[in-house]
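One structure is given here, and the rest of the page talks about it.
The values are calculated or read from the model by the stated rules, or taken from the named source; none is laboratory data. Bear in mind the structure is a predicted one, so any value in this text is a computation, not a measurement. Here the Cβ positions follow ideal geometry from the backbone for every residue, glycine too, while neighbour counts run over all protein chains shown. In case anyone asks, the SASA skips ligands and DNA or RNA and just uses the protein heavy atoms, side chains included. Shrake-Rupley method; radii C 1.70, N 1.55, O 1.52, S 1.80 Å.
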Amino acid sequence: DTNIGHEIMKIKETEIIEALLDQITERVVSKEAMICLDADDVSKVIVGKSGIMYEAQHEGKSHSEFMKSSFNELVAKPQVKNSSNVLISIKMDGQNPLMMEGMGIIHEFMGVFIDDTEAIWGVSTNPSDGDMELLVICTN
């Protein structure tokens with residue numbers, strides 16, 4: 001069942017172009033990472049490929065509900081389900097670490113991809129304003 005959320009959220013979509021590589025790398029790679037993404041991970045998903053970057057920010061609901069709602073909306077997009085490369089970056093607020101429930105939500109989301117999709121993901125702490133952020137890059 002891919003309906004893993006309860007409400008539709010606003011997710012910003014940006015077309016991926018290689019000119020954004022440095023800007024995206026700066027946003028995704030963090031010294032406060034619990035599960036690290038590095039510049040090579042970002043390059044692997046972007047360089048020589050086309051696709052979309054999806055961004056969502058926490059809007060006052062629980063972190064689990066935020067992830068469920070965001071992933072539910074993304075699952076409905078053909079570009080996401082049909083991607084050959086996916087990078088997922090989750091920035092947690094400093095007060096609430098990723099728990100097992102959150103890991104289960106990520107695992108369920110990753111289950112929608114075709115078998116040969118290369119998925120890379122990481123979790124870090126958001127040092128700026130403390131809000132939880134989700135960034136998903138899907139390319140072919």
Item to check | Table column - 3J(HN,Hα) (Hz), region 104-116, Karplus curve with 6.51, -1.76, 1.60, x for Gly and Pro | outcome: x, 5, 5, 4, 4, 4, 5, x, 7, 6, 5, 4, 9
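If I compute solvent accessible area with a 1.4 Å probe over the protein chains, what percent of it on region 28-86 is carbon and sulfur? Working shown, then result.
Details: 1300 of 2600 Å².
That fraction is 50 percent.
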Next on the checklist: Let me check against my output: what whole-number percent is the relative contact order of the chain, with C-alpha pairs under 8 Å and at least 6 apart?
Outcome noted: 37 percent
Checklist entry - Gaussian network model of the chain, Cα springs within a sub-10 Å range: biggest mean-square fluctuation belongs to which of Q95, Q79, Q57? => result Q95
Checklist outcome for this item: Given a 1.4 Å probe, the accessible area of the chain per residue, as a whole number of Å², is 52 Å²
Next on the checklist: Suppose we look only past 17 Å in the calculated P(r) of region 63-140. What percent of the Cα-Cα pairs does that tail hold?
Outcome noted: 42 percent
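About the Cα centre of the chain, what is the dipole size in debye to 20, counting +1 per Lys and Arg Cβ and -1 per Asp and Glu Cβ, all else neutral?
Values: 11 positive and 24 negative charges, 28 e Å.
Its charge dipole is roughly 140 debye.
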Item to check | Quotient of C-alpha Rg and 2.2 N^0.38 Å, computed over region 34-107 | outcome: 1.19
Item to check | Most positive-pole-ward Cα, T14, G94, G104, against dipole of the chain from beta carbon charges | outcome: T14
Item to check | For the chain, convex hull of alpha carbons as volume per residue, Å³ | outcome: 102 Å³
